[in-house]
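As structure tokens, the structure follows; a few thoughts come after it.
Just so you know, all these numbers are worked out from the coordinates, no wet-lab data involved. Since the model is a prediction, treat every value here as computed from it, not as a measurement. Virtual Cβ from ideal backbone geometry, glycine too; neighbours counted across all protein chains shown.
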Amino acid sequence: MQITLKLFRYNPEAGRTKPSYDIFTIEVDPTDRILDLLEEIKAYHDPTLSFRRSCAHGVCGSDAMRINGRNRLACKTLVKDLNNDTIVVEPILGMRVIKDFIVDMDPFFDSYKSILPYFVNNQKPEDGKEYIQSIEQREKFDNTTKCILCAACTTSCPSFWSNDQYVGPAAIVNAHRFIFDSRDQAAGERLEILNQQSGVWRCRTAFNCTEACPREIHVTEAIAEVKNAILRGKP
Ligand code: SF4
Ligand code: F3S
Ligand code: FES
């Protein structure tokens, strides 16, 4: 089948200082991934086309893009999923565009780092070997361990678009992963951070984050659990 690809372009180094779109018409298979199409354009039509990718299998989180108006991973989206013979690819919203689909991820990772996204426990395990955790305790945060930090959630959130000081759903998901881990000791500190002006209360339950997440994480539910933990004063 033939499709029309409409690709966002911005490349100040190459004199493209104003955002615009390039249009390509190419032959594709319905089972081709959008990442395959971008690779083809780069290899055979325009080597300056720039985008991030690494694993090509939905694991590294580097190729989140806005595809036909919705945040998705280019490597996990098939032509047939879109059901459209025109495919528009744009960078994720709310971040500074550096070049084509490459955006500045530094503020995103600064927000991530601000919630202490690591295990904190300065006590030795009782048996000197391991921290014991029941199956039920582990289940409390199982869903939020699946995050690949692709930013599809944060950059689809209207609260983040209107105020980029909002820490964003991805940071909250990663805070949730540790707040509800029975072995961790820094839940109180994380809840305090997320109770600030830039924290969870900026979430207006829009659900865009949950719809955008390629890992099917229950993002809005995780945010609600963190809000409740703040109100209770404990996880
Ligand atoms: Fe990506 Fe989902 Fe993690 Fe958000 S919660 S960064 S959408 S994997
Ligand atoms: Fe934004 Fe998700 Fe809340 S889209 S407003 S973080 S439910
Ligand atoms: Fe790694 Fe798509 S290239 S998630």
Which of the DSSP-defined H helices in the chain satisfy a minimum axial length of 18 Å, computed from C-alpha atoms, and a minimum mean Kyte-Doolittle hydropathy of -0.5? 219-232
Cα-Cα longer than 22 Å, checked against 129/234; 18/99; 76/113; 6/80, kept in input order, equals 129/234; 76/113
With a 4.7 Å Cβ cut-off, tell me which Cys residues in the chain come up empty for a partner. 75, 147, 150, 157, 203, 213
Computed from the beta carbon distance with a Förster radius of 22 Å, FRET efficiency for residue 201 and residue 221 to the nearest 0.05 stands at 0.85
Roughly how far apart, in whole Å, are the Cα centres of the range 39-85 and the range 1-20? 14 Å
If you take the Cα atoms of the chain, find Rg, then find the Kirkwood Rh from the mean of 1/r over all pairs, what is Rg/Rh? 1.04
Tell me which trypsin sites (Lys or Arg not before Pro) from the range 169-229 have a DSSP coil assignment and no more than 15 other beta carbons within 10 Å of their own. 204
Choose one of 131, 98, 5: the residue whose Cα lies farthest towards the positive end of the charge dipole of the range 1-136 (beta-carbon charges +1 Lys, Arg; -1 Asp, Glu; about the Cα centre). 98
Treating cross-link reach as a plain straight distance, find the aspartates and glutamates whose alpha-carbon is under 17 Å from the alpha-carbon of residue 227, omitting any fewer than eight places away in the same chain. 181, 189, 192
What residues have an amide H closer than 5 Å to that of residue 62, excluding those fewer than 5 places away on the same chain, when H is modeled at 1.01 Å from N in the peptide plane? 54, 55
With each label point set 7 Å from Cα along the Cα-Cβ vector, what nm distance links residue 53 and residue 14? 1.6 nm
What does the helix-only formula give at 222 nm for the chain: each DSSP H stretch with n ≥ 4 adding -39500 (n - 2.57), the total divided by the residues, and the result rounded to the nearest 500 deg cm²/dmol? -8000 deg cm²/dmol
At 0.36 nm per residue, minus the direct Cα-Cα distance, what do residue 232 and residue 102 gain on full extension? Give it in nm, one decimal, please. 42.7 nm
Give, rounded to the nearest 20 debye, the magnitude of the charge dipole that the range 95-235 has about its Cα centre when Lys and Arg contribute +1 at Cβ and Asp and Glu contribute -1 at Cβ. 180 debye
What FRET efficiency comes out for residue 139 versus residue 118 if R0 is 25 angstrom and r is the Cβ-Cβ distance? Round to the nearest 0.05. 0.75
